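J.: Below are the C-alpha cells for one structure; questions will follow.
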Amino acid sequence: MRKAPNRKAFIVPGFRFASIPAGIKKSGTDDLALIFSEAPAAAAGVFTTNKIKAAPVRLAIKRINSHRGQAIIINSGNANACTGKRGLKDAEETSEKTANELGISPELVYASSTGVIGRPLPLDKIKKALPELVGRLSPSSLQQVASAIMTTDTFAKISTRKLRIGKKTATITGIAKGAGMIRPNMATMLCFIFTDMSIKHQALDSALKDAVKNSFNKITVDNDMSTNDTVMIMANGALQNSPITRTSPFYGKFADALNDITHELSKMIVQDGEGATKLIEIIVKGARREADAEKAAKAVANSMLVKTAIYGRDPNWGRIMAAIGYSGVEVIESNIDIYINKTKLVGKGIGTDKEEIARNILLNRNPTITINLGAGTKSATVLTCDLTKKYIEINAHYTT
C-alpha cells in the first residue's frame, strides 16, 4: 500500500517553497513549511464542516473573503485547535511574522496547522525558525514541503498536470497530507494547490468546490472528522493568459485538470490510511437518486464490520447488506445484487455460495465492491480502506 517517494522536482512558475525543522515534532524532522507566490494571487478555499474549528481555520475563513493570497505558512505536530483566544492570537501572529519576513501584507498570509489538538502552539520556536525558512525559499523545494506537512502519513502526496491554454502551457500542482481521521465531507487533511494561470476568483471558487465534492468528500478511512481540514488554491497569473472566467472556453479544461489532481490526492490519502493494507472502491448503482447511491456507498464504506472483514479476507456479505439497510435509503431486499470485483456474491437478495472465490479475490490490494440496488439508474462511488490492528496501535498512543 505504501508509495515510494517521488524525487522529481516540481516547478510551478511564480511559486517558491521551503521547509525546516522548527522543533515542533519530537522526531526532529521538518515541521514548518512555507508556500510563497511571487505576486499576489487569486485564492479560494474549502474548510472543515466540524463545528469545532482550529484557530488557523477560523482565521483563514475570515481572510479568504478577500479572494486574495500570497503565502501559506504550515506547521505539523500541533493543530492549534481548542486553544482559546491564545490560539487565534498565535495564528494571527504567525501570519504577521511571516508577512514581515516576506515583506508583504499580513492579510495575504494564511496559517495552517495539523497535529495534536489542545496544546498551545510553540510560537517562539516558529518565530525563531522563520528567517531561515524564508531564506530557504526555492522553486524546486515542493517535495520537501509535502513531506514537512505530514503527521502519521507514510509518504508525501503530490499531483501535477500540464494543460494548453492557447499557445501557452499552464501548470497545476497540489500537495496533501492525511492518513487518519478521514471521513466523507473532508477529513484530517490539508491540501494546497497552486497554478500559474490567471483565473477570476469566481471561477476558481466554483471549480474548487466541485473538485472537493467529487474527491475529498467521497473518501473515508475511519469516519472521523478533524478540526483543521483545509483545501486551498492560489492562481498567480504568471502565465499571463487572459483571465479565465466560468464562461471562458478554457474553464472546462482547468476544472477537469483540477478534478484529476484532487481525485489523485484523495486516492493517495486512502491508500495511506493508518495501518491500511487495501484500497477499496465502493460502487453503488441502480439507485433512484444520486444522493441515495452516495448515502448507501458511504454507509458500507464507513462500516467497521465491513472494513475489518475485508482486512481478514472474510467475504461476509451480510455486513454489506446490513449497512445498506441502515443507510437511510429506501431499498427492497429482493432487488439487491452485490459483487466483489466481477464475482456475484448476492443475487436478488440471496447468497450465491461464491464465498471461497471471493476470499481469494480479497488477496488483491484493490478490491471493488459493487452494489446494484435495482431501483433506478443513478450511481455513486466512495473510496475507503480496510481496518487493521495497526490502526489501533497508531491511534491508541497518538499523543503519548
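The values are calculated or read from the model by the stated rules, or taken from the named source; none is laboratory data. Not measured: the values here are computed from a predicted model. As a convention, Cβ positions derive from the backbone with ideal geometry for all residues, glycine included, and neighbour counts pool all protein chains shown.
J.: Which pairs turn up if I take residues in the range 46-60 that are within 17 Å of L123 (Cβ to Cβ) and look for partners that are part of a helix (DSSP H, G or I) and of a type outside the set (K, R) with beta carbon separation below 6 Å, at least 6 apart in sequence or on another chain?
T.: Partner pairs satisfying both residue conditions: A55/G87; A55/L88; A55/A91; P56/A91; L59/A91.
J.: Right, something else. Please determine whether any residue of the range 262-280 is over 30 Å from Y391 (Cα atoms), in the same structural domain as G166 (by TED's automatic domain parsing), touching a residue at least 24 places away in the same chain (Cβ under 8 Å) and surrounded by 17 or more Cβ atoms within 10 Å (Cβ to Cβ).
T.: Scanning the range 262-280, I find no residue that is over 30 Å from Y391 (Cα atoms), in the same structural domain as G166 (by TED's automatic domain parsing), touching a residue at least 24 places away in the same chain (Cβ under 8 Å) and surrounded by 17 or more Cβ atoms within 10 Å (Cβ to Cβ), so the answer is no.
J.: Related question: V284: assigned to a loop (DSSP other than H, G, I, E, B) and closer than 18 Å to A375 by Cα, yes or no?
T.: Spelling it out, it is not the case that V284 is assigned to a loop (DSSP other than H, G, I, E, B) and closer than 18 Å to A375 by Cα.
J.: Another one. I'd like the residue in the range 287-321 that is free of Cβ contacts under 8 Å to residues at least 24 places away in the same chain and not in a helix (DSSP H, G or I) and, out of all such residues, is farthest from the chain's Cα centre (by Cα).
T.: Across the range 287-321, the extreme among qualifying residues is N316.
J.: Right, here's the next one. Pick out, from the range 88-206, the strands (runs of 3 or more DSSP E) lying fully within it that include 1 or more residues that are touching a residue at least 12 places away in the same chain (Cβ under 8 Å) and of a type in the set (D, E, K, R).
T.: Where strands (runs of 3 or more DSSP E) fall fully within the range 88-206 and carry at least 1 residues being touching a residue at least 12 places away in the same chain (Cβ under 8 Å) and of a type in the set (D, E, K, R), they are 157-165, 168-177.
J.: Could you tell me whether the range 213-229 includes any residue that is crowded, with 18+ Cβ neighbours inside 10 Å, touching a helix residue (DSSP H, G or I) at 6+ places or on another chain (Cβ under 8 Å) and modelled with pLDDT of 90 or more?
T.: Checking the range 213-229: not a single residue is crowded, with 18+ Cβ neighbours inside 10 Å, touching a helix residue (DSSP H, G or I) at 6+ places or on another chain (Cβ under 8 Å) and modelled with pLDDT of 90 or more.
J.: Going by the structure shown, is G69 under 17 Å from the mean Cα position of the chain (by Cα), outside any loop (DSSP other than H, G, I, E, B) and within 29 Å of L239 (Cα to Cα)?
T.: On the way: under 17 Å from the mean Cα position of the chain (by Cα): no; outside any loop (DSSP other than H, G, I, E, B): yes; within 29 Å of L239 (Cα to Cα): yes.
No.
J.: Then there is this: Could you list, in sequence order, the residues of the range 343-400 that are under 19 Å from I283 (Cα atoms), among the charged types (D, E, K, R) and either at pLDDT 95 or above or assigned to a strand (DSSP E or B) (or both)?
T.: K344, K348, K378
J.: Since I324 meets every condition but one in (1) in a helix (DSSP H, G or I); (2) surrounded by fewer than 20 Cβ atoms within 10 Å (Cβ to Cβ), which condition does it not meet?
T.: Only one criterion in (1) in a helix (DSSP H, G or I); (2) surrounded by fewer than 20 Cβ atoms within 10 Å (Cβ to Cβ) is unmet by I324, namely (2).
J.: Tell me, yes or no, whether the range 13-22 has at least one residue that is part of a loop (DSSP other than H, G, I, E, B), at pLDDT 95 or above, crowded, with 21+ Cβ neighbours inside 10 Å and hydrophobic (A, V, I, L, M, F, W, C).
T.: Yes, because at least one residue in the range 13-22 is part of a loop (DSSP other than H, G, I, E, B), at pLDDT 95 or above, crowded, with 21+ Cβ neighbours inside 10 Å and hydrophobic (A, V, I, L, M, F, W, C).
J.: Hey, can you tell me all the residues within the range 23-57 that are assigned to a strand (DSSP E or B) and modelled with pLDDT under 95?
T.: V46, F47
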